[in-house]
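Derivation of every value follows stated rules applied to the coordinates shown; laboratory data play no part. Model, not experiment: these values are computed from the prediction. Here the Cβ positions follow ideal geometry from the backbone for every residue, glycine too, while neighbour counts run over all protein chains shown.
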Amino acid sequence: MKQVLADIWAYVLSNPRKIFLLALAGVVVLWVVFGNYGVVARLRMEAENRMLKDLQKQEELKIKENTRRIRKADDPETIEKIAREKYNFSRDDETLFIIEDEK
């Protein structure tokens, strides 16, 4: 083991410029891969972008549905339906039976 370390140390001392350039290249590669704008950050941002686009599509569908419901709210039949279902209203000539579930 000592011989191997001695050989490595002798190589480093005999080729300092080469070792410096290799170390510099290693640092640059690490910076490109793991830096703020590196490959890993780019992949993370792409995944977040896809997720946000999907969320945007869902919200746009909700907006369209709500817009349709708002436009339909002026219709007297729709108002009557909501009043009957939600507030248990009835017409004058009707008898209303409310059945509650036992829990």
If one builds a Gaussian network model of the chain from Cα atoms under 10 Å apart, the most fluctuating residue listed among Asp75, Asp92, Asp54 is Asp92
Between Ala23 and Phe97, the two model label points (7 Å from Cα along the beta-carbon direction) sit apart by a distance in nm of 9.0 nm
Loop-resident trypsin sites (Lys or Arg not before Pro) in the range 1-93 with no more than 10 other Cβ atoms inside 10 Å, DSSP not H/G/I/E/B, are Arg91
Projecting the Cα atoms of Val40, Asn15, Ala83 onto the charge dipole of the chain, where Lys and Arg contribute +1 and Asp and Glu -1 at Cβ, the residue farthest towards the positive end is Asn15
Distance in nm between Ser14 and Ile79 label points, each 7 Å along Cα→Cβ, equals 9.7 nm
With label points set 7 Å from each Cα along the Cα-to-Cβ direction at Glu48 and Ile63, the distance between them in nm comes to 2.2 nm
Treating only Lys and Arg (+1) and Asp and Glu (-1) as charged, each at its beta carbon, one finds that the chain has a dipole about its Cα centre, in Debye to the nearest 20, of 1280 debye
Using alpha carbon centers only, the range 10-31 is separated from the range 40-59 by a whole-angstrom value of 38 Å
Rounded to the nearest 500, the 222 nm mean residue ellipticity computed for the chain from DSSP H runs (n ≥ 4, each -39500 (n - 2.57)) alone is -26000 deg cm²/dmol
Checking the range 56-103 for GluC sites (Glu not before Pro) in a loop per DSSP with at most 15 other beta-carbon atoms within 10 Å yields Glu94, Glu100, Glu102
